[in-house]
Amino acid sequence: MDSSDDAAFYEIRIKGHLGPNTLVWFEDFAVECTADGATTLLGPIVDQAALGGILTRICDLGLSLTSFREVNVDELQDQEG
């Protein structure tokens, strides 16, 4: 079984600002609402099954996915300062 230490980090961008009721479904992710009206989620996804679950959740909630990318550890450290 994979652990969160083995997880890859992903940045998921969704059209619109998500409300608190929707954000409950993404509790493991850091959330940023951007000035251009999007929501950016950043967090770990441990395996392909979890990745599929996140994408299915986005679809089931009727959200518009605008971008999805893996973020390497160096980028995360650069963002933290």
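The values are calculated or read from the model by the stated rules, or taken from the named source; none is laboratory data. This structure is a prediction, so every number in the text was calculated from the model and none was measured. Using ideal geometry, Cβ is built from the backbone for each residue, glycine included, and neighbour counts are taken over all protein chains shown.
Points worth noting:
- Residues that are surrounded by fewer than 11 Cβ atoms within 10 Å (Cβ to Cβ) and under 13 Å from residue 7 (Cα atoms), drawn from the range 29-57: 48, 49
- Scope the range 1-29; condition in a helix (DSSP H, G or I) and under 18 Å from residue 73 (Cβ atoms); matching residues: 4, 5, 6
- Close pairs (6 angstrom Cβ cut-off, 6 or more residues apart or separate chains): under 19 Å from residue 12 (Cβ atoms) and charged (D, E, K, R) in the range 67-81, assigned to a strand (DSSP E or B) and at pLDDT 70 or above anywhere: 69/11; 70/8; 70/10
For (1) assigned to a helix (DSSP H, G or I); (2) more than 10 Å from the chain's Cα centre (by Cα); (3) aliphatic (A, V, I, L, M), each residue gets a yes or a no:
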{"position": "31", "(1), (2), (3)": "no, no, yes"}
{"position": "35", "(1), (2), (3)": "no, yes, yes"}
{"position": "39", "(1), (2), (3)": "no, no, no"}
{"position": "42", "(1), (2), (3)": "no, no, yes"}
{"position": "49", "(1), (2), (3)": "yes, yes, yes"}
{"position": "53", "(1), (2), (3)": "yes, yes, no"}
{"position": "56", "(1), (2), (3)": "yes, yes, no"}
{"position": "63", "(1), (2), (3)": "no, yes, yes"}
{"position": "69", "(1), (2), (3)": "no, no, no"}
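- Residue match in the range 55-65 (condition: modelled with pLDDT under 95 and under 11 Å from residue 10 (Cβ atoms)): yes
- In the range 58-76, the residue that is surrounded by the fewest Cβ atoms within 10 Å (Cβ to Cβ) out of those that are within 21 Å of residue 6 (Cα to Cα) and aliphatic (A, V, I, L, M) is 73.
- Counting only residues that are small (Gly, Ala, Ser) and modelled with pLDDT of 95 or more, the range 5-29 holds 1 of them.
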